[in-house]
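Comments concern the structure below.
The values are calculated or read from the model by the stated rules, or taken from the named source; none is laboratory data. Quick caveat, the model's predicted, so the values are computed rather than measured. Cβ: placed from backbone, ideal geometry, glycine included. Neighbour counts: every protein chain shown. Side chains included, ligands, DNA and RNA excluded: accessible areas come from the protein's heavy atoms. Shrake-Rupley method; radii C 1.70, N 1.55, O 1.52, S 1.80 Å.
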Amino acid sequence: MRILPLLLFPFLELWLMIEVGDEVGALPVILWLVAMIVVGMNLLRYLGASSMIKAAQNMRTGELPGVAIADGLFKAIGAVLLIIPGFITDALALLCFIPWLRQLLIKRWVAKMTVRAAGFAQQQSPFGRSPFGADPFGAGNVYEHQGTAKSGADSSREGILIEQETAPSTDNPDSTGPKTP
């Protein structure tokens, strides 16, 4: 049942074009459709580059580029709707270019995606285990180590004992080890 309106949409667009063509003439309708295709193609070309530049600028300033990408996505959807011939798609495309409406849609979309992501992260399989499997490393600590490591079994504790050899740093050739004043 949900696909029925989608199947009827082209017929509604065609009927509307015929009705408008009867009122204003066929030539203005054809010119309008061709003009909207040209405008949509140019907008799509321009918006692709500008949204990527805006996302890169957001990343440079430390902001997440998600909102900039979503904003560019809505503008690209509007440009594609302009390319599709018809008056209804043109009206929907113009709605995608209204800034406050686009920001409202982005906020709702981001909130919905956040809820979905949080639900997916907490989701468990029907068998009671995490969908990502057990943690192979356990709940232990993580230590950063530089240099070569020697390992040997420690008889007093279970596990591996790691000793670090002192070596000059490759990042700073002046640092040969700890300096005493």
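Name every residue in the range 56-87 that is open to solvent by less than 70 Å² (accessible area, probe 1.4 Å) and of a type in the set (A, V, I, L, M), in order of residue number.
Passing the criteria: Ala56, Ala68, Ala70, Ala76, Ala79, Val80, Leu81, Leu82, Ile83.
What pairs come out if I take residues in the range 1-29 that are acidic (Asp, Glu) and pair them with residues that are at pLDDT 90 or above and in a helix (DSSP H, G or I) whose C-beta lies under 9 Å away, six or more apart or interchain?
Every condition considered, the pairs that remain are Glu13/Phe87; Glu13/Ile88; Glu13/Thr89.
Return the residues of the range 34-55 that are over 13 Å from Phe97 (Cβ atoms), of a type in the set (A, V, I, L, M) and open to solvent by 30 Å² or more (accessible area, probe 1.4 Å); say none if nothing qualifies.
Just the residues of the range 34-55 that are over 13 Å from Phe97 (Cβ atoms), to begin with: 34-35, 37-38, 41-42, 45, 48-55.
Now narrow it down to the ones that are of a type in the set (A, V, I, L, M): 34-35, 37-38, 41, 49, 52-53, 55.
Result: Val34, Ala35, Ile37, Val38, Met41, Ala49, Met52, Ile53.
Just wondering, is there one or more residues in the range 126-135 that are modelled with pLDDT under 85, touching a helix residue (DSSP H, G or I) at 6+ places or on another chain (Cβ under 7 Å) and basic (Lys, Arg)?
no
Which residues, counting only those in the range 14-72, are charged (D, E, K, R), under 16 Å from the mean Cα position of the chain (by Cα) and assigned to a helix (DSSP H, G or I)? Show your work before the answer.
Here is the first cut: in the range 14-72, the ones charged (D, E, K, R) are 19, 22-23, 45, 54, 60, 63, 71.
Among the residues that remain, those that are also under 16 Å from the mean Cα position of the chain (by Cα) are: 54, 63, 71.
Result: Lys54, Asp71.
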